[in-house]
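What follows is a single structure, written as structure tokens, with notes after it.
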Amino acid sequence: MSLTIDEKKDDYVKVTWPVKLCEFLARCYHSDQFRIDNVNNVIFSMKLELGSSLSNPTLNLSVQKSNSEAAHALIKMMVGNSPTQTVTNDWKRSCYISKSMTVSGQTLSRNLYDNNYGSTHYYYEIPITCEIFWRSKINRNLNNNLYHEVQKFYNSEELSDVTIIVGKVKIPAHKVVLAAHSEVFSKMLQSEMKEAKEGEINIEDLDPEIILEMLHYCYKGETKASQDTEVALQMLEVADIYQIFKLKIICESTLMDNMSTDNVLNIIDAADDHNAEDLRRSAITFIVAHSKKVLASSKFQQLFYRKQDLMFELMCAVGNK
């Protein structure tokens, strides 16, 4: 959902997110991404989850960041007319601002009675304002310096102690860099497995260019997946296979922000394959909103016969529209 940048400067940002909730469309909502000036390699977003009560629901609100390094920040939120703030010294991925916050009566926009199913659906319009005061200057600078020093070893044989083999392509790498980003590589390279003993990691059925892009992220903290939807789709698989969580978050966020009627079926297919639950729910919400065009496509017919459980869930959501 779109948001506006109200104020932005060094170590501070203020954004407004006008959320429109409807319990029969989705229970989980994501804002667009935003950044703070001079805070490199960190992307922020908000997540809102709708509680179980439909007539008087509760909300779980969190602010997320793509970098999992512990951070120190002051976060101020205004949810409707309810202010709240959190000071966190150990902000890694998600910082919960409020759990089980009750939606006040004044935020109720309208009700809709469904004659076909004899039920009432509740809609809510809630303006959310978020202010982030970033205080991790020392940690941020150290992190940037470390990335700067590590970059020179990317795709270099200097001090390399492991080789990644993709088809006929051999890529020199460093165990410590791979292990730092990936739980799978970490366990693989610190065990009695063949890869640890021989210093070679064989990867099959993946594009060498995507593996190179994954390594580019590991060494430089940058990736085309933050801007390119096609790259994000391919990188989502690699990030899931090797459990590179920060990269997976970046891929999901990019796909959420660039979802369209042309690519949403590819996105939901990939999300279902690679355990991206938030992305999967967002794709279902999008398809419900654009069902007339999406369901008429040939891609939908192919997906319908290939993934029947997913299609059953999707058709139930469309039927409740």
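The values are calculated or read from the model by the stated rules, or taken from the named source; none is laboratory data. From a predicted model like this one, the values you see are computed outputs, not experimental measurements. Here Cβ is always computed from backbone atoms with ideal geometry, including for glycine, and neighbour counts include all displayed protein chains.
Could you run through segment 69-91 and say how many residues are surrounded by fewer than 15 Cβ atoms within 10 Å (Cβ to Cβ), farther than 17 Å from Asp6 by Cβ and in contact with a Lys or Arg (Cβ under 7 Å, 6 or more places away or on another chain)?
Total satisfying the criteria: 1.
Look through segment 204-227, keep the residues that are over 14 Å from Pro172 (Cβ atoms) and among the hydrophobic types (A, V, I, L, M, F, W, C), and return whichever of them is surrounded by the fewest Cβ atoms within 10 Å (Cβ to Cβ).
Leu206
Being assigned to a helix (DSSP H, G or I) and among the polar types (S, T, N, Q) is the filter here; which residues of segment 259-311 pass it?
Asn266, Ser282, Thr285, Ser291, Ser298, Gln301, Gln302, Gln308
Every residue in segment 47-65 that is surrounded by fewer than 16 Cβ atoms within 10 Å (Cβ to Cβ) and either hydroxyl-bearing (Ser, Thr, Tyr) or at pLDDT 80 or above (or both), please.
Ser52, Ser53, Ser55, Thr58 - these are the residues of segment 47-65 that are surrounded by fewer than 16 Cβ atoms within 10 Å (Cβ to Cβ) and either hydroxyl-bearing (Ser, Thr, Tyr) or at pLDDT 80 or above (or both).
Which count do you get for residues in segment 15-28 that are surrounded by 18 or more Cβ atoms within 10 Å (Cβ to Cβ) and either modelled with pLDDT of 80 or more or over 24 Å from Leu279 (Cβ atoms) (or both)?
3
As an exercise: evaluate Leu146 against (1) modelled with pLDDT of 85 or more; (2) hydrophobic (A, V, I, L, M, F, W, C); (3) loosely packed, with under 15 Cβ neighbours inside 10 Å and give the number of the one condition it does not meet.
(1)
If we keep just the residues of segment 228-246 that are of a type outside the set (D, E, K, R) and under 19 Å from Met188 (Cβ atoms), which is surrounded by the most Cβ atoms within 10 Å (Cβ to Cβ)?
Ala239
Output the number of residues of segment 187-206 satisfying the condition of being in a helix (DSSP H, G or I), more than 28 Å from the chain's Cα centre (by Cα) and not small (Gly, Ala, Ser). Give the derivation first.
Looking only at segment 187-206, we keep the residues that are in a helix (DSSP H, G or I), and these are 187-189, 194-198.
Pick out the ones that are also more than 28 Å from the chain's Cα centre (by Cα) and you get 194-198.
From the residues that got through so far, the ones that are not small (Gly, Ala, Ser) too are 194-195, 197-198.
Number satisfying all stated conditions: 4.
Those residues that are in a helix (DSSP H, G or I), without any contact (Cβ under 8 Å) to a residue 60 or more places away in the chain and in contact with a Phe, Trp or Tyr (Cβ under 8 Å, 6 or more places away or on another chain), I need them from segment 207-233; list them, please. Don't jump to the end; show me each part of the working.
At the first step, the residues of segment 207-233 found to be in a helix (DSSP H, G or I) are 208-220, 224-226, 229-233.
Filter once more, so that each one left must be without any contact (Cβ under 8 Å) to a residue 60 or more places away in the chain: 208-214, 217-218, 224-225, 229-233.
If the condition is that a residue be in a helix (DSSP H, G or I), without any contact (Cβ under 8 Å) to a residue 60 or more places away in the chain and in contact with a Phe, Trp or Tyr (Cβ under 8 Å, 6 or more places away or on another chain), then Met214, Ala225 are the ones that fit.
Taking segment 247-268 on its own, how many of its residues are surrounded by fewer than 22 Cβ atoms within 10 Å (Cβ to Cβ) and among the charged types (D, E, K, R)?
2
I'd like to check something: does segment 237-248 contain any residue that is free of Cβ contacts under 8 Å to residues at least 12 places away in the same chain, in contact with a helix residue (DSSP H, G or I) (Cβ under 7 Å, 6 or more places away or on another chain) and in a helix (DSSP H, G or I)? Break it down into steps so the answer makes sense when it comes.
Within segment 237-248, the subset free of Cβ contacts under 8 Å to residues at least 12 places away in the same chain is none.
Scanning segment 237-248 turns up no residue that is free of Cβ contacts under 8 Å to residues at least 12 places away in the same chain, in contact with a helix residue (DSSP H, G or I) (Cβ under 7 Å, 6 or more places away or on another chain) and in a helix (DSSP H, G or I).
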